[in-house]
1. In sequence order, what are the phi-derived ³J(HN,Hα) couplings for the range 9-23 according to the Karplus relation 6.51 cos²θ - 1.76 cosθ + 1.60 with θ = phi - 60°, rounded to whole Hz, with x for glycine and proline?
2. In whole Hz, with x marking every Gly and Pro, tabulate ³J(HN,Hα) for the range 39-55 from phi via Karplus 6.51 cos²θ - 1.76 cosθ + 1.60, θ = phi - 60°.
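Taken together, the values in this text are just the output of simple stated rules run on the coordinates, not laboratory data. Everything numeric here is computed off the predicted structure, so don't read it as measured data.
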Amino acid sequence: MRLMYRDPYQDEEREAYREVVFSNTLQSMQAVIKGFHILEVAVPANLYEVSEYLLDLGADGMDASLGEDSLDGQIARALSAMWNAPETRQVVRQAAKFQVSQNRNQTLDLKTLECDN
């Protein structure tokens with residue numbers, strides 16, 4: 001709501017939420033990847049290893065993957081690759097059939113994240 005009224009977050013506030021946003025992003029993509037299996041949609045062959053990598057990170061994986069101001073480049077590229085696949089968008093459109101955060105589209109809008117690459 002603050003952004004709607006042109007009251008942007010202060011640097012301290014953004015920094016306080018950075019880890020939460022990164023963690024939510026990973027968890028949302030993990031839910032989408034699990035959604036592939038639930039919906040019986042094939043993970044694209046070129047993204048199979050990427051999807052396994054993201055699933056293997058687990059919730060704790062984010063702590064070690066946060067740089068001073070950004071998400072680890074490898075994780076950011078993996079999230080971006082998954083998000084840009086048309087099959088992922090197909091799964092997200094059917095998100096009501098599996099559990100995904102209500103903010104999944106905002107969270108997964110990787111253009112708003114600060115990434116190493």
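1. Here the 3J(HN,Hα) series is 5, 6, 3, 5, 5, 4, 5, 5, 9, 3, 5, 5, 5, 4, 5 Hz.
2. The phi angles translate into 7, 6, 9, 6, 5, x, 3, 6, 10, 4, 5, 4, 5, 5, 4, 5, 5 Hz.
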